[in-house]
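Okay, structure first, notes after.
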Amino acid sequence: QVQLVESGGGLVQAGGSLRLSCAASGRTFSNYVMGWFRQAPGKEREFVAAVSRGGSSTDYADYLKGRFTISRDNAKNTVYLQMNSPKPDDTAVYYCAARRSMVLTRTPSNYDYWGQGTQVTVSS
């Protein structure tokens, strides 16, 4: 079992910045690909970003266009999502997820563990 706890959400103005954190416990963190997803009201959960087990490889949703950065610190068992220049359309509950695999994936059902989510609201 892996327990994931997100933090850092809140209200941010469009064009500002926000950093989300996800702390993991329970298993060897470096054995897991980590991902961030989001879900807005009335919409399906969608992929945001993923990072490889060692942190050297990343994948991002096309719509982000370089605004967000995913990273991880395996010594701290934590994955981050740096959100720069957020837009009102980025308003959603953000979830981190863990996948016991070497392969990055954008598909939510391929992830084994999920956090409870943290709300991000971007004001215009």
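The values are calculated or read from the model by the stated rules, or taken from the named source; none is laboratory data. In this text, all values refer to a predicted model and were calculated from it rather than measured experimentally. Here the Cβ positions follow ideal geometry from the backbone for every residue, glycine too, while neighbour counts run over all protein chains shown. What goes into the accessible areas is simple: the full protein's heavy atoms, side chains included, and nothing from ligands, DNA or RNA. Shrake-Rupley method; radii C 1.70, N 1.55, O 1.52, S 1.80 Å.
This table checks each residue for (1) under 19 Å from T121 (Cα atoms); (2) open to solvent by 50 Å² or more (accessible area, probe 1.4 Å); (3) part of a strand (DSSP E or B); (4) out of contact with any Leu (no Cβ under 8 Å at 6 or more places or on another chain).
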| position | (1), (2), (3), (4) |
| --- | --- |
| R19 | yes, yes, yes, no |
| A24 | no, no, yes, no |
| K43 | yes, yes, no, yes |
| A50 | no, no, yes, no |
| L81 | yes, no, yes, no |
| Y94 | yes, no, yes, no |
| V103 | no, yes, no, yes |
Subject >> Which listed residue, of P86, P41, is of a type outside the set (S, T, Y), at pLDDT below 95 and out of contact with any Pro (no Cβ under 7 Å at 6 or more places or on another chain) >> reply: P41
Original post:
Does the stretch 72-79 contain any residue that is touching a residue at least 40 places away in the same chain (Cβ under 8 Å), surrounded by fewer than 20 Cβ atoms within 10 Å (Cβ to Cβ) and in contact with a strand residue (DSSP E or B) (Cβ under 6 Å, 6 or more places away or on another chain)?
Top reply: yes
Original post:
Of the residues Y63, Y32, which is open to solvent by less than 40 Å² (accessible area, probe 1.4 Å) and either within 14 Å of W114 (Cβ to Cβ) or at pLDDT below 95 (or both)?
Top reply: Y32
